[in-house]
Each structure stands twice: as C-alpha cells, then as structure tokens.
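Read the figures in this text as sums done on the coordinates, not as results from a lab. Keep in mind that this is a model prediction, so the values were computed, not measured. Positions of Cβ are generated from backbone atoms using ideal geometry, with glycine treated the same way; all protein chains shown enter the neighbour counts.
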Amino acid sequence: MADLSLTFLGHSAFQIRIGRFEILIDPFITGNPSATVSADSLNPTHIILTHGHGDHLGDAEMIAKRTGALVIAPFEVVTYLSERGCNGWEMSTGGARDFEFGRVKFTIAHHGSGGPGGYSMGTACGVLLMIAGKTIYHAGDTALFYDMKLLGERHPMDVALLPIGDNFTMGIEDAAYAVELLKPKLTIPIHYNTFPPIQVDVNEFSRLVVAAGFETLILNPGQSLTL
C-alpha cells in the first residue's frame, strides 16, 4: 500500500498524497504570508473546500481550471465554482461519498461562509477523510461544539487538524478541550499566526493538549507527516 503523506501549506491549507492522487484542502496560497509554495506549483487531482471564505477558497478556482482537478465542496461553493468553469462535486453537511482515493464526509462546523462579492456559499463544514485505512479530520473554521464527542466516537481519528487562532474560530483553551472530545491519536494546530487577529502561543496549546494526555505536533509550513 502506498504511503499517505500530509503536508502543511500554511494557515489551513494541506496537501495529501497517496499513490497517483494529490488532494488539496482549502488551498489559500496566494496572499498567504506563511505559504512556502506557489499556487502554480500544485497539481492536484482533487480539491476539498470546507467553506467559501477567501482564506479557504483561496486559489481553488485558478488551480482547478489549470489542472482539471475535481472540486469537492459544499453545494453552494461548487455552484459558484462551476459557474466559473471548474469541475465540481457538490456535497453537504452529514453527507459522505466514496471517491477514487478514499471516502469523504462533511461534518458540521459553526462558522460563516460568505464568498467573494457577497456571494452566498451556504454552510461552513468540517471534513473527514478516510484514506488507506487512516482517518483525517479537518475541522475547517469552527467554534467548539459538543458534537465533536460524537464525531470522535463514530470516526476514530488518526489526525485532527484544529483551528486555534481565536477571534474567528476556537482559541487555545477551546481547541484543547476539543481534543478531549475528539480523542484523536494526533492533533495538528492550524489557522493561527497568519495575520495579527489570530496571533496565539501555539506552544501553550501543545502544553494543554499534552497535559490532558494527548499527542500534538506543530508543523511549520512546508513540513510533512507520513501516516
């Protein structure tokens, strides 16, 4: 079985590689001061979007048009991108589907999803990826919610990618409590220190998670993890 690699691209963006497939999640590259790659260097087969805010929609349109990647996203986000010539597959909260690389399930997230020019992008989501026997949870942008306990019970997670930057999402204390609800094998913090409003001490997050008996890993943009 091919190795499953997870590369942090900065902010909330990730690149997942498994065999011939390359999956991007929330590819905010251009305008992202923490990005270490260019959007032109990415050649995904699939793009997964959690919601329509610019720091998550990012370069999805440009990359999808250039590569022909299938965009998997909430219904309204796919409608927006399809009108602009992208190839998309629409889903919605609670829905799951098998794709060539694995299974995708969209979960609830408590956050907005307005798009460019005030375009309605529907409901913000998190996403569960079941690939090669591993489960990755990308929470998207979200507040803490108690149903995270249910997600963890029903979908034991190898990795949880959780926003910790406060102001727009969970802060450090809420995100650390989310780890206790989700009980993942490993947590990677995201959505922090990209811009002044979301400056936090990531080491304090790690301290709280470890004190609760869980494992965390701080990835710098460009760093990878093999699962």
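Tabulated data for the structure shown
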item	result
Where labels lie 7 Å past Cα in the beta-carbon direction, separation of N203 and K185 in nm	2.9
Within segment 137-227, GluC sites (Glu not before Pro) in DSSP loop having at most 15 other beta-carbon neighbours inside 10 Å	E215
C-alpha center-to-center spacing [segment 109-152, segment 1-61] in angstrom	16
Sorted by Cβ neighbour density within 10 Å, fewest at the top, the residues V179, V202	V202, V179
Lys, Arg +1 and Asp, Glu -1 on Cβ, resulting dipole of the chain about Cα centre, debye, nearest 20	520
Chymotrypsin sites (Phe, Trp or Tyr not before Pro) within segment 115-152, DSSP loop, no more than 11 other Cβ atoms inside 10 Å	Y146
Length gained when the stretch T93-K65 is fully extended (0.36 nm per residue, less Cα-Cα span)	7.5 nm
Hz values of 3J(HN,Hα) by residue in segment 60-65 - Karplus curve (6.51, -1.76, 1.60), Gly and Pro given as x	4, 4, 4, 5, 5, 5
Simple label model, 7 Å out from Cα along Cβ direction - L150 to T79, nm	2.6
Estimated dipole of segment 92-227 in Debye, rounded to 20 [Cβ of Lys and Arg +1, of Asp and Glu -1, Cα centre]	400
Cα-only Debye scattering, segment 4-226: base-10 log of I(q)/I(0) at q = 0.11, 0.13, 0.17, 0.18 Å⁻¹	-0.46, -0.67, -1.22, -1.39
Derived scalar couplings ³J(HN,Hα) [segment 160-174; Karplus, 6.51 cos²θ - 1.76 cosθ + 1.60; whole Hz; x for Gly, Pro]	10, 9, 10, x, 10, x, 6, 6, 9, 9, 3, x, 4, 5, 5
Percent of beta bridges antiparallel (DSSP, segment 4-226, rounded to nearest 5)	60
3J(HN,Hα) from dihedral phi, segment 36-44, Karplus parametrisation 6.51/-1.76/1.60, rounded to Hz, x for glycine, proline	10, 10, 9, 4, 5, 8, 9, 10, x
Qualifying GluC sites (Glu not before Pro) in segment 1-99, DSSP loop, other Cβ atoms within 10 Å at most 15	E83
Longest DSSP-loop-exposure-free segment, trypsin sites (Lys or Arg not before Pro), the chain, at most 14 other Cβ within 10 Å	85-184
Nonlocal Lys pairs with alpha-carbon distance under 26 Å, the chain (8 or more apart, or different chains)	10
